[in-house]
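Asks: Pasting a structure here, questions to come.
The numbers here are math on the coordinates, done by the rules we state, and not lab data. As the structure is a prediction and not an experimental result, all values here were calculated from the model. Because the Cβ atoms are built from the backbone with ideal geometry, glycine has one as well, and the counts that use them run over all protein chains shown.
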Amino acid sequence: MARTPFGAKGTETTGGSTFSMPSAPASSSSSPGGLTAFIDQGSEFEGKLSFKDTVRIDGRFRGEISSENTLIVGESGEIEANIQSKVVAISGTVVGNVKADSKVVVHKTGRIEGNVETKTLVVEEGATIEGEIKMGKAAGSLKAIPGGGKSEGSGPPAK
């Protein structure tokens, strides 16, 4: 079940239908970038999810995700989607490509099966990435090797 505080804004699609979260009034005291929605453990959604602030997913989601701010995938989160966001923090599992304008953080319990493209990548020890990694304009494509092996770069080293 998605929980949305009053005054949050965004759009979600479930089961083929789209719904919009209410807009915050101009005088709202909610801070920009605050948690807009929460998909709890045990919930399952399918479709397109787009939002302006921060969304945390601890349930299952299949489809497409686009954000103007931050997506948080909790430890129990299971995502099968291509993701486009400013910041993506992953503690659960993502199967699909992740593109973040600013930063991707993969915590020790996090797993990505897909390509990652971002300016900054933070990977904690124990995290898994199976796919290609592209960072910054100067970086080439890196291939992640399962099991923590060395990666081979096809471009100049990142600075």
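Asks: Quick check: net charge around THR118, other residues with Cβ under 9 Å of its Cβ, Lys/Arg +1 and Asp/Glu -1?
Replies: The answer is +2.
Asks: Find out how many positive minus negative residues lie around ILE79, taking Lys and Arg as positive, Asp and Glu as negative, among other residues whose Cβ is under 11 Å from that of ILE79. Write out the running numbers ahead of the final one.
Replies: On the way: positive: ARG60, ARG62, ARG111; negative: ASP58, GLU64, GLU78, GLU80, GLU113.
Combined, the nearby Lys, Arg, Asp and Glu give -2.
Asks: Sticking with this structure for a sec: Taking H as built 1.01 Å from N, whose amide H comes closer than 5 Å to the amide H of GLY110, not counting residues under 5 places away?
Replies: Counting only residues 5 or more places away or on other chains, the set is THR128.
Asks: Using the Karplus curve 6.51 cos²θ - 1.76 cosθ + 1.60 with θ = phi - 60°, work out ³J(HN,Hα) for each residue of the range 96-101 in order, rounded to whole Hz, and write x for Gly and Pro.
Replies: These are the phi-based 3J(HN,Hα) values: x, 7, 10, 10, 10, 5 Hz.
Asks: Short version: ³J(HN,Hα) in whole Hz for each residue of the range 43-60, in order, from phi by Karplus 6.51 cos²θ - 1.76 cosθ + 1.60 (θ = phi - 60°), x for Gly and Pro, what are they?
Replies: 8, 10, 10, 9, x, 10, 10, 9, 7, 9, 10, 10, 10, 10, 10, 10, x, 9
Asks: Counting other C-beta atoms within 10 Å, which of VAL87, VAL122 has the fewest, and how do the rest follow?
Replies: Details: VAL87 19, VAL122 12.
Starting with the residue having the fewest Cβ neighbours, the order is VAL122, VAL87.
Asks: Rounded, prolate or oblate: which one fits the range 72-134, using the alpha carbon gyration tensor with axes a ≥ b ≥ c (rounded when a/c is under 1.5, else prolate when a/b beats b/c, else oblate)? Don't jump to the answer; show the numbers that get you there.
Replies: Numbers: a/c = 1.35, a/b = 1.20, b/c = 1.12.
The shape class here is rounded.
Asks: Using the C-alpha gyration tensor of the range 33-152, what are the square roots of 5 times its eigenvalues, in whole angstrom, with the largest one first?
Replies: Square roots of five times the eigenvalues give 23, 16, 12 Å.
Asks: Now for a different question. Add +1 for every Lys or Arg and -1 for every Asp or Glu among the other residues with Cβ under 14 Å from the Cβ of ALA100, and state the total. Before the final figure, lay out each step's value.
Replies: Numbers: positive: LYS86, LYS99, LYS103, LYS119, LYS134; negative: GLU68, ASP101, GLU117.
For residues surrounding ALA100, the net value is +2.
Asks: Among VAL104, VAL123, VAL95, what is the fewest-to-most ranking by other Cβ atoms within 10 Å? Present the calculation step by step, with values, prior to reporting the outcome.
Replies: On the way: VAL104 28, VAL123 19, VAL95 16.
The most exposed by this proxy come first: VAL95, VAL123, VAL104.
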